[in-house]
Amino acid sequence: MEALQKSAREALENHKAKVIIGYSEGSGGRMRPIFVQSPAEAEKLTWNDRCTQNLAVYIAKPEVQKLGKPALVAPLPVLRAVLQLASENQIKEGDLLVLALSDGRVTELSQFSEMEEFVAKTPTHLASKDQEAIERLEKMTPQERWQYWQSELTRCFKCYACRAACPMCYCSRCTVECNQPQWIPVPAHPLGNWEWHLMRAMHLAGRCVSCGACGDACPLDIPIHLLTMKVEADIHREFGSQAGMKVQSEHALSSFKVQDKENFII
Amino acid sequence: MSEFEPKIVAFVCNWCTYAGADLTGTSRIKYAPNVRIVRFPCTGRIDFMLLLKAFSQGADGIIVSGCHPNDCHYTSGNFHARRRWMAFRNLAEFMGIEVERIQFSWVSAAEGAKWADLVNSTVNRVRELGPYDAYRQMAASSWQ
């Protein structure tokens, strides 16, 4: 924690960054994002297990960009989101600084190549509770899975907090708001919720860095992050590519190999 | 149950499977009349949302078919589609959609007989599975 505050203070004092985007204590035991603009405020920065938001979501926002060059407090998923955004040409080299966190240490990274090296050294497996939840669902019968997702997704009231929390959901016009044609029914009824969540997972296929921020953001605790994590795990297994590892990478669903698996096609 | 006739929607590409289905007809091969063919420029254009729409509008089964790999009119549309099908099929299965109701296939413009077999086998399988009431009920209950 002190190392983080020290790094942040130095970055501001040496004009390496204009604003530090990090975590601070919020209300009700939740953490909240904080935008630190003066070295004196750096002491508010903190880091613990409750820091679940993916701060990479702020990089592309115009009101944040107005603050000047940011330095991002980045546990692994945030760092991977930065690399994925770079691979999708949403940010350029030098646009931001990263204060990468691992094992209580803080590493300042400015080049994408340094970030790639850092990510490559760190294991990227899912949290055990998410892995177990996915395996538990996979063991169910199709009918049980249908019932499970019906009862979970029917609770959704379409606040779109999942979309707002996701660093990869940066489209200025989302299909869910498209009304010519109306792809997704507007009401938060079973069909509208079903199609919205299935579409969200498909549009994040090969792009999800499995941070789980969408599920944490859900006010009803619907485990929607399992959908995107499952798609990402399948794509990693079948096509060998993983989101947020390299800037120069082929995107899983906009590339192909002639010998891709097709045992389900007759 | 013997009176149940499945409704099958077939999403096919213009260049291979649509022409293949045409050949089935001009060859006077008989096959199940349960299929409604929707023609697309390429399998690469067949969005997974269209499959969901078909189920919610009352389809009991779906066929998605296009040119064999390396035969795409647009060179690589079917290769891209194939990756998307894999991702979609696994996700649909994970969410409890009955994926055995969706048949992916490659049917070339010369494979009129294969098209007839594909439709017949899909119709038979879906007939055994019965109507897809679970999905239809979800859709119908949503608008009440």
* Output the number of the condition that B:VAL119 fails; it satisfies all remaining conditions of (1) within 27 Å of A:LYS257 (Cα to Cα); (2) of a type in the set (Val, Ile, Thr); (3) more than 10 Å from every other protein chain (Cβ to nearest Cβ). => (1)
* Do you know which residues across the range A:3-24 are in contact with a strand residue (DSSP E or B) (Cβ under 9 Å, 6 or more places away or on another chain) and not in a helix (DSSP H, G or I)? -> A:LYS16, A:ALA17, A:LYS18, A:VAL19, A:ILE20, A:ILE21, A:GLY22, A:TYR23, A:SER24
* Asked: Only one residue in A:GLY244, A:GLY206 is within 23 Å of A:GLU93 (Cα to Cα), at the interface with chain B (Cβ under 10 Å from one of its Cβ atoms) and touching a Leu at 6+ places or on another chain (Cβ under 7 Å), so which one is that?
  -> A:GLY206
* To do: List every residue pair whose Cβ atoms lie under 8 Å apart, where the two residues are 6 or more positions apart in sequence or sit on different chains, the first residue falls within the range A:169-185 and is closer than 13 Å to A:MET199 by Cα, and the second residue, located anywhere, is among the acidic types (Asp, Glu) and outside any loop (DSSP other than H, G, I, E, B).
  => A:TRP183/A:GLU195; A:ILE184/A:GLU195; A:PRO185/A:GLU195
* Structure fact -> When (1) surrounded by 14 or more Cβ atoms within 10 Å (Cβ to Cβ); (2) in a helix (DSSP H, G or I); (3) at pLDDT below 95 are applied to A:LEU126, the one that fails is (2)
* Structure fact -> Inside the range A:190-199, the number of residues satisfying the requirement of being farther than 17 Å from A:CYS218 by Cα and more than 9 Å from every other protein chain (Cβ to nearest Cβ) is 0
* Which of the residues belonging to the range B:99-131 are of a type in the set (Asp, Glu), in a helix (DSSP H, G or I) and within 22 Å of B:ASP71 (Cβ to Cβ)? -> B:ASP117
* Hey, among the residues in the range B:16-58 that are in a loop (DSSP other than H, G, I, E, B) and either surrounded by 22 or more Cβ atoms within 10 Å (Cβ to Cβ) or free of Cβ contacts under 8 Å to residues at least 40 places away in the same chain (or both), which one's farthest from the other protein chains (Cβ to nearest Cβ)? -> B:ARG28
* Asked: Out of all the residues in the range A:158-173, which are surrounded by fewer than 17 Cβ atoms within 10 Å (Cβ to Cβ) and within 14 Å of another protein chain (Cβ to nearest Cβ)?
  -> none
* Flag if A:LEU204 is modelled with pLDDT of 95 or more, out of contact with any strand residue (DSSP E or B) (no Cβ under 8 Å at 6 or more places or on another chain) and either not small (Gly, Ala, Ser) or not assigned by TED's automatic domain parsing to the domain that holds A:LEU79 (or both) -> yes
* Tell me, yes or no, whether the range A:182-189 has at least one residue that is more than 9 Å from every other protein chain (Cβ to nearest Cβ), among the β-branched types (Val, Ile, Thr) and closer than 30 Å to A:HIS15 by Cα. => no
* Among the candidates A:ALA60, A:ALA71, residue that is outside the structural domain of A:MET229 (by TED's automatic domain parsing), in contact (Cβ under 8 Å) with a residue 12 or more places away in the chain and either outside any loop (DSSP other than H, G, I, E, B) or in contact with a Gly (Cβ under 6 Å, 6 or more places away or on another chain) (or both) -> A:ALA71
* Check whether at least one residue in the range A:212-224 is at negative phi, in contact with a Gly (Cβ under 6 Å, 6 or more places away or on another chain) and surrounded by 21 or more Cβ atoms within 10 Å (Cβ to Cβ), and report yes or no. => yes
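The values are calculated or read from the model by the stated rules, or taken from the named source; none is laboratory data. These numbers were taken from a predicted model, which means no experiment stands behind them. As a convention, Cβ positions derive from the backbone with ideal geometry for all residues, glycine included, and neighbour counts pool all protein chains shown.
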